[in-house]
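The values are calculated or read from the model by the stated rules, or taken from the named source; none is laboratory data. Note that the structure is a prediction, hence the values are computed from the model and not measured. Don't worry about glycine lacking a Cβ; one is built from the backbone with ideal geometry, like all the others, and counts go over all protein chains shown.
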């Protein structure tokens, strides 16, 4: 009988171990979709999304919890960016900043969707950029 506990494979940390029951990624995907819909709804759906993220944070595997953390940070950082753009609209530069904030939001949501499909946490969860 071979002992698999002492495997000297140098690439051992790259092995993905599947859990016995599959992880449901539907809810985080819905939250990303709500964030994207908030571009049209003026942020209303993002508010619903962040509430869901707060409720389900800490109730899954670590990589999924990182998505909820990423979504919560996306909401609050987005509030700052869109709020700053709204204030600066009086000086007309706010329109350009609003467009930049929309692009920022779309990129973060796409990165989140991609991470969910690959069953891994998003890259650079702590960043204020993309």
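Brief remarks follow.
- Residue within segment 112-120 that is touching a residue at least 12 places away in the same chain (Cβ under 8 Å), outside any helix (DSSP H, G or I), over 18 Å from residue 45 (Cα atoms) and in contact with a helix residue (DSSP H, G or I) (Cβ under 8 Å, 6 or more places away or on another chain) present: yes
- Qualifying residue in segment 96-103 (condition: over 16 Å from residue 128 (Cα atoms) and either surrounded by fewer than 16 Cβ atoms within 10 Å (Cβ to Cβ) or at pLDDT below 95 (or both)): yes
- Hey, residue 89 modelled with pLDDT under 95 and either closer than 13 Å to residue 35 by Cα or exposed (fewer than 15 other Cβ atoms within 10 Å of the Cβ) (or both) or not: yes
- Counting only residues that are crowded, with 16+ Cβ neighbours inside 10 Å and within 17 Å of residue 70 (Cα to Cα), segment 30-42 holds 6 of them.
- Residue match in segment 81-99 (condition: in contact (Cβ under 8 Å) with a residue 12 or more places away in the chain, part of a helix (DSSP H, G or I) and within 11 Å of the chain's Cα centre (by Cα)): no
- Test: residue 70 is crowded, with 18+ Cβ neighbours inside 10 Å and under 17 Å from residue 25 (Cβ atoms): yes
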